[in-house]
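Written out below as structure tokens is the structure these notes cover.
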Amino acid sequence: MTRKRFDDLDCSIACALNEVGDWWSLLVIKQAMLGTRRYVDFQQSLGIAKNILCDRLSRLVENGVMTRVNVAEHGTRYEYRLTEKGRDLFTVIVALRQWSERWNGSKDTMQLVERASGAPVAQVEVRSADGSALSVREVLFVGENGEPLERAG
């Protein structure tokens, strides 16, 4: 089955999905955020088929989300590390996790806590310039010309 591409859509969400929008890519990125670096460790921790993992890592490197670094002093041994672009997905990973916990219940025992205090991480929210939380009903989507775009709900 050919993967759907969204190159013709003028949409930032579609552009992001072109880079990280498949079943495995965000899980590979989450695993890298946990400190996984080696191919074999990604494969073992995720239970992903080797050909799929190879494809996803290659695509993430090609898209600048991860980098492949030769870490062997003698010979070749690669590690995969998140780039700044990849680390910027942290908020997305946390938001997806929190959304799933709210609507699907907790599926694992891992918790997100602040390193310094050990306190649970707060819910991800969209905020106004003055810091107040905003819902989708309080945000206006506008086009290039400043005109409001249609919105359902």
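In the stretch 21-47, the qualifying residues are those that are closer than 23 Å to D7 by Cα and among the aromatic types (F, W, Y), and the one that is surrounded by the most Cβ atoms within 10 Å (Cβ to Cβ) is W24.
Yes or no, residue by residue, for (1) in contact (Cβ under 8 Å) with a residue 40 or more places away in the chain; (2) within 24 Å of L27 (Cβ to Cβ); (3) over 22 Å from the mean Cα position of the chain (by Cα):
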| residue | (1), (2), (3) |
| --- | --- |
| A95 | no, yes, no |
| S100 | no, yes, no |
| S106 | no, yes, no |
| V113 | no, yes, no |
| V121 | no, yes, no |
| V126 | no, no, no |
| A129 | no, no, yes |
| V139 | no, no, yes |
| L149 | no, no, yes |
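For the stretch 104-126, enumerate the residues that are surrounded by 10 or more Cβ atoms within 10 Å (Cβ to Cβ) and not in a loop (DSSP other than H, G, I, E, B). Listed by number, the residues that qualify are V113, P120, V126. Could you grab the pairs with beta carbons closer than 6 Å, sequence gap of 6+ or different chains, first residue in the stretch 10-37 and touching a residue at least 60 places away in the same chain (Cβ under 8 Å), second one surrounded by 18 or more Cβ atoms within 10 Å (Cβ to Cβ) and part of a loop (DSSP other than H, G, I, E, B)? Partner pairs satisfying both residue conditions: I29/L89.
For every residue, the table says whether it meets (1) modelled with pLDDT of 95 or more; (2) part of a loop (DSSP other than H, G, I, E, B).
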position: M1; (1), (2): no, yes
position: E19; (1), (2): no, no
position: W23; (1), (2): no, yes
position: T36; (1), (2): yes, yes
position: V94; (1), (2): no, no
position: R97; (1), (2): no, no
position: R102; (1), (2): no, no
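When the stretch 48-85 is filtered for residues that are in a loop (DSSP other than H, G, I, E, B), exposed (fewer than 14 other Cβ atoms within 10 Å of the Cβ) and either in contact with a helix residue (DSSP H, G or I) (Cβ under 6 Å, 6 or more places away or on another chain) or modelled with pLDDT of 95 or more (or both), the ones remaining, listed by number, are A49, G64.
Considering only residues in the stretch 127-147 that are of a type in the set (A, V, I, L, M) and outside any loop (DSSP other than H, G, I, E, B), the one that is farthest from V92 (Cα to Cα) turns out to be V142.
The values are calculated or read from the model by the stated rules, or taken from the named source; none is laboratory data. It should be emphasised that the depicted structure is a prediction, and the values quoted were computed from it without experimental measurement. All Cβ positions, glycine included, derive from the backbone under ideal geometry; neighbour counts span all protein chains shown.
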